[in-house]
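*Asks:* Below you'll find the structure I mean.
The values are calculated or read from the model by the stated rules, or taken from the named source; none is laboratory data. Remember, it's a predicted structure, so these values are computed and weren't measured experimentally. Quick reminder, even Gly has a Cβ in these numbers, built from the backbone with ideal geometry, and neighbours come from all protein chains shown.
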Amino acid sequence: MAYTDLFNEALDDLSTTLNTITGLRVVTDPKAINPPCAFIEAPSFAAGNYNIVSVTFPVRVIGSGPVDLNGLRVLLSIAAGLLTKNVAVLDGRPSTLNVGGQDYGTYDLTIAMQAQTGAS
């Protein structure tokens, strides 16, 4: 089933944009997390009306293992790559994520977007 509502289209637009970063695999389903990758989580939103919505997506850039200096530099490089894609990265913070019993270094980013319907 194709989802064409404003939220799913915003998710697809962000995923498409991030997939243009060379070497970055982007996933939207937690079952598909296989580090290293970027995982787009469920968004939060604020609606001023029915057809224009401010959306914020948590995006976890997941490294290939525990963060040492080299791992941190890779995560920072990926985060910098996101900034060059003209997406509104509001903030970022280092963190960890446990996948299958192993901890991975991450950079957790918040990306803002505007979603809207075709109606006026």
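*Asks:* Any idea which residue in the stretch 20-38 is nearest to LEU76 (Cα to Cα), counting only those that are modelled with pLDDT of 90 or more and surrounded by fewer than 13 Cβ atoms within 10 Å (Cβ to Cβ)?
*Replies:* THR20
*Asks:* Moving on. Would you pick out the residues in the stretch 80-120 that are in contact (Cβ under 8 Å) with a residue 12 or more places away in the chain, closer than 24 Å to SER54 by Cβ and among the aliphatic types (A, V, I, L, M)?
*Replies:* LEU82, VAL87, ALA88, VAL89, LEU90, LEU109, ILE111, ALA112, MET113, ALA115, ALA119
*Asks:* Within the stretch 61-87, how many residues are hydroxyl-bearing (Ser, Thr, Tyr) and closer than 19 Å to VAL27 by Cα?
*Replies:* Total satisfying the criteria: 2.
*Asks:* Between a first residue in the stretch 8-36 that is free of Cβ contacts under 8 Å to residues at least 40 places away in the same chain and a second residue that is in a loop (DSSP other than H, G, I, E, B) and aromatic (Phe, Trp, Tyr), which pairs have beta carbons less than 9 Å apart while being 6 or more apart in sequence or on different chains?
*Replies:* Correct list of pairs: ASP12/TYR3.
*Asks:* Given the condition over 11 Å from the mean Cα position of the chain (by Cα) and over 28 Å from ASP5 (Cβ atoms), answer yes or no: does some residue in the stretch 20-33 qualify?
*Replies:* For the stretch 20-33, residues over 11 Å from the mean Cα position of the chain (by Cα) and over 28 Å from ASP5 (Cβ atoms): present.
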